[in-house]
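S.K.: Have a look at this one before I ask anything.
The values are calculated or read from the model by the stated rules, or taken from the named source; none is laboratory data. In this text the structure is predicted, and so the values were computed from the model without any measurement. Here Cβ is always computed from backbone atoms with ideal geometry, including for glycine, and neighbour counts include all displayed protein chains. The area values use the complete protein model at the heavy-atom level, side chains included, leaving out ligands, DNA and RNA. Shrake-Rupley method; radii C 1.70, N 1.55, O 1.52, S 1.80 Å.
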Amino acid sequence: LAVKLDHIGDFVTATPALQRLQRQFPQARVYLLASPVVAELTDLAPGLAGTIEFSFFFDQSGLGRRDLSEADFQTLRQRLLPYDFDLAIDLRKAPETRPVLRYSGARWLAGFHHNGRFPWLDIVMEWETDPAGSRKRSPVGEDYRRLGDAVALAAEPNPGL
């Protein structure tokens, strides 16, 4: 399960990482958890097994996230459990959506980690914040790719260990 709950531009930036995950795991059926607006654009990431819609943020990016209850998240869990995901990966650097991974039912959870906030993640890529108004250290799409590479590396068999 690839979690990409933010807005259209963020999804477009993540499509190369989604395609790379599909190449790294050719037998996997990759589903996308995304907003209804983004779900309409999934043709940009061909090969997805499907899209599961979930409105985490308001459609207009300046309005922030929705006020979701524990019941909303339990409903999401019930929708996701039948898929029996092996892995859920959050392709958002900012931390708001990371807790959604815990409702996926996936055996392995992957995402960006910052200052020890998500010790329950199994596969992490350290996220270093960029001060507001400063130049980014790397393009966000490159960071998504590195997270996908960390997942692929973690999935490799380690016969010598």
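S.K.: Sequence-distant or interchain residues sharing an amide H contact under 5 Å with TYR31, placed H: which?
M.R.: ALA2, ALA49
S.K.: Whole-Hz Karplus ³J(HN,Hα) for segment 106-113, in order, using 6.51 cos²θ - 1.76 cosθ + 1.60 and θ = phi - 60°, x for Gly and Pro?
M.R.: Computed from phi, the couplings for segment 106-113 are 6, 6, 10, 10, 10, x, 7, 10 Hz.
S.K.: So, one more: Put +1 on the Cβ of every Lys and Arg and -1 on every Asp and Glu Cβ in segment 4-161; which of GLN78, LEU121, VAL38 then has its Cα farthest towards the positive end of the dipole?
M.R.: Towards the positive end, the residue furthest out is LEU121.
S.K.: Additional query: Over the chain, what relative contact order in percent results from Cα pairs under 8 Å that are six or more residues apart?
M.R.: 22
S.K.: ALA94's amide H: which non-local residues (gap 5+, or another chain) put their own amide H closer than 5 Å, with H modeled 1.01 Å from N in plane and none for Pro or chain starts?
M.R.: Residues meeting the amide H criterion: none.
S.K.: Helix by helix through the chain, keep the DSSP H runs that span 18 Å or more along the axis on Cα and average at least 0.0 on Kyte-Doolittle, and give those back in order.
M.R.: Result, helices passing both filters: 140-155.
S.K.: Need the C-alpha centroid separation for segment 81-130 versus segment 22-49, integer Å.
M.R.: Cα centroid of segment 81-130 versus Cα centroid of segment 22-49: 18 Å apart.
S.K.: Excluding ligands, DNA and RNA, what is the solvent-accessible area per residue of segment 1-121 at a probe of 1.4 Å, expressed in Å²?
M.R.: I get 50 Å² per residue for segment 1-121.
S.K.: On to the next question. Give me the net charge of GLY47's neighbourhood, meaning all other residues with Cβ under 13 Å from the Cβ of GLY47; Lys, Arg count +1, Asp, Glu -1.
M.R.: +2
S.K.: Could I ask something else about it? Share of the chain's accessible area from carbon and sulfur, percent, 1.4 Å?
M.R.: Answer for the chain: carbon and sulfur cover 51 percent of the accessible area.
S.K.: Continuing with this model, one more query. Say the dipole of the chain comes from +1 at the beta carbon of Lys and Arg and -1 at that of Asp and Glu; which of VAL140, VAL3, ALA88 then lies farthest toward its positive end?
M.R.: It is VAL140, whose Cα lies furthest towards the positive end.
S.K.: If packing is taken as the average number of other Cβ atoms within 10 Å across a peptide's residues, how do 61-72, 35-46, 11-22, 107-118 rank, most packed first?
M.R.: Top to bottom by mean Cβ count within 10 Å: 11-22, 107-118, 35-46, 61-72.
S.K.: If the only charges are +1 at each Lys and Arg Cβ and -1 at each Asp and Glu Cβ, what is the size of the charge dipole of segment 1-93 around the Cα centre, to the nearest 20 debye?
M.R.: 300
S.K.: Between ALA154 and GLN74, with labels modelled 7 Å along Cα→Cβ, what's the label distance in nm to one decimal, could you check?
M.R.: Label at ALA154, label at GLN74, 2.8 nm between them.
S.K.: Can I ask one more? If you put +1 on each Lys and Arg Cβ and -1 on each Asp and Glu Cβ, how big is the dipole of the chain around its Cα centre, in Debye rounded to 20?
M.R.: For this selection, approximately 220 debye.
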